[in-house]
1. What's the carbon and sulfur percent of the chain's accessible surface, probe 1.4 angstrom, rounded to a whole number?
2. Around ASP382, what is the net charge, scoring Lys/Arg as +1 and Asp/Glu as -1 over all other residues with Cβ under 9 Å from its Cβ?
3. Under the classification rounded if a/c is under 1.5, otherwise prolate if a/b is larger than b/c and oblate if not, where does the stretch 75-324 fall, given a ≥ b ≥ c as square roots of the Cα gyration tensor eigenvalues?
4. What residues have an amide H closer than 5 Å to that of HIS84, excluding those fewer than 5 places away on the same chain, when H is modeled at 1.01 Å from N in the peptide plane?
5. Relative contact order of the stretch 329-417: what whole-number percent is it, with Cα pairs under 8 angstrom and at least 6 residues apart?
6. Along the principal axes of its C-alpha atoms, what lengths does the stretch 256-298 span, in descending order and rounded to whole Å?
7. Helix-only mean residue ellipticity at 222 nm, the chain, DSSP H runs n ≥ 4 weighted -39,500 (n - 2.57), per residue, nearest 500. What is it?
8. Probe of 1.4 angstrom, ligands and nucleic acids ignored: what's the accessible area per residue over the chain, in square angstrom?
Amino acid sequence: MEKTNFEEIINRKLKGKNLEKEDIDAVISAYVNEKLPENIMISFLTAIFKNGMSDEEIYHLTKAMQNSGITLDLSELGSVADKHSTGGVSDSTTFLIVPIVASLGVKMLKMSGKSLGFTGGTADKILCFKGLKNNLEIEQAIEITKQTNGCFITQSDLLAPADKKMYALRDKVGLIESIPLIASSILSKKLASGSDIIILDVKFGAGAFIKNKNEAGVLAKIMVDILKKEGKKACAVLSSMEQPLGDFVGDELEVMESISILKGLKKNKLFKLSEFLSALIIERAKGVSFNQAKKQVHESISSGKALTKFKAIVKAQGGSLVLFNKDLDIFKKVLIKAETNGFVQKINTEKLGLLTRQFKQKYAGFSGIENKAGIGKLITKDSQLVKLYFEPKHFKKIDKIEIKNMITSYAECFEILKIKVLTKLKLIESVIE
Ligand code: URA
C-alpha cells in the first residue's frame, strides 16, 4: 500500500488548496493511532487555522473525527434531544433546559465537557451536588433517562476520541478560535452521542470563543447544514455573550442561580435564553408551534414540575439535595464599588471568567462573583459593580492584600464612560434553520 505523504497534504492546505476525504481520514486516523507526531499535527491544524476549509472539507473532518470512536445507539429511548453551547461565561442553561424538557416528557441525555479556557464546564458544575456520579457507563445513563427522562453525563472517551486529543493540542498551542476546527469538534461529539434533535447555542461577543457576530453566524450555518445532512432535527440560536449570561460566575453559585430560576424567583437573561432553547426543543420533539411550546415551558416552571424533575434526576444520579435549599446569606461577601460615574460600556467577560477560575484555584473557599452592573447600566460613584462570595470558614484565612488585588482585577473588567454611546444589546440575535 502506498505510504501517506502527510507533509504533501499539509503543504497543499498551506497553499490554500482543498483536501480530499481520503487525506483528512488518513491524518485523523494516524493521529488517533499514535502514528503521527505532534509537531506534524500542529502543522496540519495551523494550516486549517490559517486557510480555513470548504464546507465539504469540514464535513469530512467532522465525520473522520466522529468515526474515530463509537456512535451511540439510543433507539431504545425513542426520540432524544440534545443541546450544545459553543461556550461562554455564566452559561448554565443546561441546568434549566434538562429539567424543563424532561418534565414535559421529552428525553435528554446530556453529555457535557469540562471547563475550557475562560469558560465554565457543565461537567464540573453538576458535581456541586455532592455524591452525584456523572462518569456513568452509557447503559447506566440510559437506565436513568428511562426513569426520569434526563441524565447528566461526562463526555465518554469512547466518543470522538480524535476530538479529545485534538482539542487538548489546540488548547496547548492556541488554535481554538477557528470555524472549521470548532465546527468539527462540536459536531463530531454531537453526532457520536446519538440524539436526533440537536439545538446549538452559538455564542458571539467578549465572553465567547468567536467574538464577531457575523463569523458566529457562519459557524452556526455550517453546523446546522451538517446536522441536517446527517438527518438530525436541528437549528442554531445566535446569542450574545458580550456579558455573563447569568448574574453569577462560579460553579456552585451558577447551579444555585439555576435552582432559584426554577423556583420562579428570578427572570434574567439566563432564564430567557433557557426558556427559548427549551421551547425550540419542545417544538421539534412534540411537533407543536413555538408559542405552544413556550406556554408548556412556562407551565413547567410555574407549576414547580421542572424543579421537582431536577431533584429527581440529581437523586437518581446519587447526588445530595442539600444545594436545593442552600441560602446565599451563608456566604461572606465583599463589595466592589465603582470609582467613577457613568455608564457601563463594555465588560471584559473573558477576563471576568478567567479571573474567577484562577482565583478559585488559588483561594480555597472563594466561590465566585455576582455581577451587579450589566452593560448600559448607569453607575454613580459607589454603585456596586461586583460582589465576591466566600465560604465563611475560609474567608478569614485570605490575606486582606490578596482581597484588594482581587478587587482591583475585577474592577478593571468594566469600562465605564461618561456618556451613553451604546445601542441596546439583543440577547437572542436570530435562529438559523
Ligand atoms: N467547544 C467544543 O467542544 N469545541 C471547540 O472547539 C470549541 C468549543
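The values are calculated or read from the model by the stated rules, or taken from the named source; none is laboratory data. From a predicted model like this one, the values you see are computed outputs, not experimental measurements. Virtual Cβ from ideal backbone geometry, glycine too; neighbours counted across all protein chains shown. Just so you know, the surface numbers come from the protein's heavy atoms only, side chains and all, with ligands and any DNA or RNA stripped out. Shrake-Rupley method; radii C 1.70, N 1.55, O 1.52, S 1.80 Å.
1. Here it works out to 51 percent.
2. The answer is +1.
3. Values: a/c = 1.27, a/b = 1.26, b/c = 1.01.
Rounded shape, in that the Cα axes give a/c under 1.5.
4. Distant-sequence amide H within range of HIS84: ILE199, LEU200, ASP201.
5. It comes to 47 percent, rounded to a whole number.
6. Between the extreme Cα coordinates on each principal axis of the stretch 256-298 lie 32, 13, 13 Å.
7. On the way: 17 runs with 201 residues, N = 433.
About -14500 deg cm²/dmol.
8. 43 Å²
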